[in-house]
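Worksheet: one structure, shown below.
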Amino acid sequence: MSTQTVSTDVNLPLPADTELPPASVQKRPGLRILQPEVTYTGAPIKPLQKGLPKQTESLCPECTKVIAADIFADGGKVVMEKSCPDHGHFRDIVFSDVELYLKMEEWNFGDNLGLSNPQVEGGKTCPDDCGLCSMHTSHTALANVDLTNRCNLTCPVCFANANVAGYIYEPSLEQVRTMLATLRGERPVDGRVVQFSGGEPTIHPQFFEILSMAREMGFTHIQAATNGIELANIEFARKAKAAGLATLYLQFDGVTDDIYRRVRGQALLDIKMQVIENCRATGMKIVFVPTIVKGLNDHQVGDIVRVAIENVDTVSGISFQPVAFTGRIAKHELLAKRFTLSDLARCVSEQTGITDPRADWFPLACVTPFSKLTAALRGTGVPTISSHPHCSLGTYFFVDEKSKQAVPITRFVDVPNMLQDMEELSRSAGKARFKLYSKVKTWNSLKRHFKPKFAPPGLTFTKFLQTLQGMTNKKLGRDGKDGTFTYRTLLVAGMHFQDAYNYDIERVKRCVIHYATPDGKLYPFCTYNSGPCYREKIERQFSTPLERKQLAASN
């Protein structure tokens, strides 16, 4: 393994005692990052390209052939243009705010090293040599295991394109075990967080057995991506919780039923609110997952945030997903409906008044120093979100449970310098001789970045550290229900999955959200659902024709 130190001098640091006024644009020192030259298995790593203009590899939306693409600023927006010799010219908006796009790039702390046991050795071409190949730089932070392509809804924005494929994909208990074993067998960091998805995973006939199996196999956090229809039944919710389900990734596209009728085909708001009550009663957590379409429900982004804050005892986050133009989305509506991550930051800021549209937002990959430091102090690897900085953005709200006042972490923590300190500390913490003493000393050294004057009521530095601990130790986060150990937090984030129009292969190589499949392989989200669309190939390989399944059910 070879690494090189890269220093990027962009901004000067704030003095440690500087008070941070609301919505301050926090500066940071030049990052001193360790950029690996090769993956664990020796594949060269191309460092992140920063700045504009630049060129990358993309796909033709018609034939999915790999073609060159130019990314550049145009009228304050970031645009991708590309041409296929057979299908012509394509243009798409990647980010609607150049300044925020460039800020995301600043918060890259270097690539990861991939897997030491990739499923595909000697990968040469991305995304064709997939599953995961030796070129991939990230391990799994969140795993998806599809349990079925059947659904009890027919949603026009569905990645899975369920109900129209003409076949049933529904892995057996043993096939699911194989997929889970692939995740647990990842090295050097084993898969620990699994999300059962679909279709609608709760309608799999062995759903509860699968939950129990995942718990027995050592997964530390078990989630389900669901529309909530089954979980609106309190007995179903109790049984799921008892079997090991901890978190629901709940479709939550708006706060009025006209939105659900248009996006999901029927009124669902009452069901969503009942699911919140059932999770409160059973102790499960919820992450809202709104699919946002420009001109359809982007005006309710702020209302979704407000519902989450009001229910912060149960709702731990929001993962906004700008719509990707795959499945049943008509491609000619691209320009009218394209919604980017910078649009999300703007909508949250304008519609809630809580955030600044640029100062408070960072790529989720900026937390890699926290993962590195945690791993160094524990002496073991932990899942790391080493994704491309343009895949996601987000911010943390700390919410006072009584007043429901939400304060972004950037108001009371010097986030840029704290992250840089964590990066530096991670390189020495693992070498400390007196482990217990060094752990306490290391965490306490971050106190200089905490500004109590701007913190929400009752948040001390000690409770802030405990809250950070609860973010990586899910048991602490879940069991601190009375708020005595951790403070209530709400992650407000966006993850923009790619389609063939905005496809960037450099993003694919760094993907941290992977699908496990019955063939014992792992696929990045954006090769499974778009581009090469391995979903269709895998489902066809391990499916039953719809007619045969219906006949068996009738007998």
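The values are calculated or read from the model by the stated rules, or taken from the named source; none is laboratory data. In this text, all values refer to a predicted model and were calculated from it rather than measured experimentally. Ideal geometry is used to build each Cβ from the backbone, glycine not excepted, and the neighbour counts take in all protein chains shown.
Within segment 104-111, does at least one residue satisfy the condition of being touching a Phe, Trp or Tyr at 6+ places or on another chain (Cβ under 8 Å), at pLDDT 95 or above and not in a loop (DSSP other than H, G, I, E, B)?
Looking for residues that are touching a Phe, Trp or Tyr at 6+ places or on another chain (Cβ under 8 Å), at pLDDT 95 or above and not in a loop (DSSP other than H, G, I, E, B), one finds at least one in segment 104-111, hence yes.
From the list Ala246, Ala281, pick out the single residue that is in contact (Cβ under 8 Å) with a residue 60 or more places away in the chain and among the small types (Gly, Ala, Ser).
Residue meeting the stated conditions: Ala246.
Kindly evaluate Ser392 against the criterion of being among the polar types (S, T, N, Q) and within 23 Å of Lys463 (Cα to Cα).
no
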Val263 being closer than 22 Å to Gln405 by Cα and within 24 Å of the chain's Cα centre (by Cα)
no
Pair list, Cβ < 7 Å and 6+ apart or interchain, from segment 346-369 residues that are closer than 26 Å to Cys511 by Cα and among the aromatic types (Phe, Trp, Tyr) to residues that are assigned to a helix (DSSP H, G or I) and modelled with pLDDT of 95 or more:
Trp361/Leu100; Trp361/Ala345
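Checking the conditions here, which among Ile354, Ile309, Ile385 is more than 21 Å from the chain's Cα centre (by Cα), crowded, with 18+ Cβ neighbours inside 10 Å and not basic (Lys, Arg)? Step through it out loud before you land on a result.
Working: Ile309 fails: more than 21 Å from the chain's Cα centre (by Cα); Ile385 fails: more than 21 Å from the chain's Cα centre (by Cα).
Answer to the selection: Ile354.
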Can you pull out every residue in segment 119-132 that is in contact with a His (Cβ under 8 Å, 6 or more places away or on another chain) and more than 13 Å from Pro524 (Cα to Cα)?
Gly123
For segment 88-97, which residues satisfy the criterion of being within 22 Å of the chain's Cα centre (by Cα) and either part of a helix (DSSP H, G or I) or hydrophobic (A, V, I, L, M, F, W, C) (or both)?
Ile93, Val94, Phe95
Just a yes or no: is a residue in segment 285-295 over 29 Å from Leu344 (Cα atoms), free of Cβ contacts under 8 Å to residues at least 40 places away in the same chain and either buried (at least 20 other Cβ atoms within 10 Å of the Cβ) or in contact with a strand residue (DSSP E or B) (Cβ under 7 Å, 6 or more places away or on another chain) (or both)?
no
Can you tell me how many residues in segment 62-95 are surrounded by 14 or more Cβ atoms within 10 Å (Cβ to Cβ) and acidic (Asp, Glu)?
3
Close pairs (8 angstrom Cβ cut-off, 6 or more residues apart or separate chains): farther than 21 Å from His299 by Cβ and in a strand (DSSP E or B) in segment 314-336, of a type in the set (Phe, Trp, Tyr) and modelled with pLDDT of 85 or more anywhere:
Gly317/Phe288
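Considering only segment 80-87, I want to know if a residue exists there that is outside any loop (DSSP other than H, G, I, E, B) and polar (S, T, N, Q). Reasoning before the result, please.
Residues of segment 80-87 outside any loop (DSSP other than H, G, I, E, B): 80-84.
Still in the list and also polar (S, T, N, Q): 83.
Taking every residue of segment 80-87 in turn, at least one turns out to be outside any loop (DSSP other than H, G, I, E, B) and polar (S, T, N, Q).
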Test Gly458 against the criterion of being under 30 Å from Pro524 (Cα atoms) and of a type in the set (Gly, Ala, Ser), and give yes or no.
no
Hey, could you check segment 96-129 for residues that are in contact with a helix residue (DSSP H, G or I) (Cβ under 6 Å, 6 or more places away or on another chain) and of a type in the set (A, V, I, L, M, F, W, C) and say which is surrounded by the most Cβ atoms within 10 Å (Cβ to Cβ)?
Phe109
Would you point out the residue of segment 183-206, among those that are surrounded by fewer than 23 Cβ atoms within 10 Å (Cβ to Cβ) and either aromatic (Phe, Trp, Tyr) or in contact with a Lys or Arg (Cβ under 7 Å, 6 or more places away or on another chain) (or both), that is farthest from Cys151 (Cα to Cα)?
Asp190
Just to check your reading of the model, which residue among Thr202, Thr182 is among the hydroxyl-bearing types (Ser, Thr, Tyr), under 20 Å from Leu248 (Cα atoms), assigned to a helix (DSSP H, G or I) and at pLDDT 95 or above?
Thr202
Considering residues of segment 467-501 that are surrounded by fewer than 18 Cβ atoms within 10 Å (Cβ to Cβ), of a type in the set (S, T, N, Q) and part of a helix (DSSP H, G or I) only, the residue modelled with the lowest pLDDT:
Thr472
Please specify each residue of segment 379-393 satisfying the condition of being in contact (Cβ under 8 Å) with a residue 24 or more places away in the chain, under 17 Å from Thr472 (Cβ atoms) and not small (Gly, Ala, Ser).
Val382, Pro383, Thr384, Ile385
Out of segment 205-229, which residues are more than 21 Å from Arg535 (Cα to Cα) and assigned to a loop (DSSP other than H, G, I, E, B)?
Pro205, Gln206, Met217, Gly218, Phe219, Thr220, Gly228, Ile229
Among the helices (runs of 4 or more DSSP H) contained in segment 362-456, which hold 3 or more residues that are of a type outside the set (A, V, I, L, M, F, W, C) and in contact with a Pro (Cβ under 7 Å, 6 or more places away or on another chain)?
415-429
Please work out which one of (1) in contact with a strand residue (DSSP E or B) (Cβ under 7 Å, 6 or more places away or on another chain); (2) in contact (Cβ under 8 Å) with a residue 60 or more places away in the chain; (3) over 24 Å from Asn529 (Cα atoms) is the condition Lys54 fails and give its number.
(2)
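Counting only residues that are of a type outside the set (D, E, K, R), assigned to a helix (DSSP H, G or I) and surrounded by 20 or more Cβ atoms within 10 Å (Cβ to Cβ), how many does segment 272-284 have?
So in segment 272-284, the residues of a type outside the set (D, E, K, R) come out as 273-276, 278-279, 281-284.
The next check asks that each one be assigned to a helix (DSSP H, G or I); those that pass are 273-276, 278-279, 281-282.
Of the ones still in play, those that are also surrounded by 20 or more Cβ atoms within 10 Å (Cβ to Cβ) are 275-276, 278-279.
Final tally of qualifying residues: 4.
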Looking for whichever is of a type outside the set (A, V, I, L, M) and more than 22 Å from Val492 (Cα to Cα) here; the options are Gly254, Gly218, Gly283, Gly228. Which one fits?
Gly218
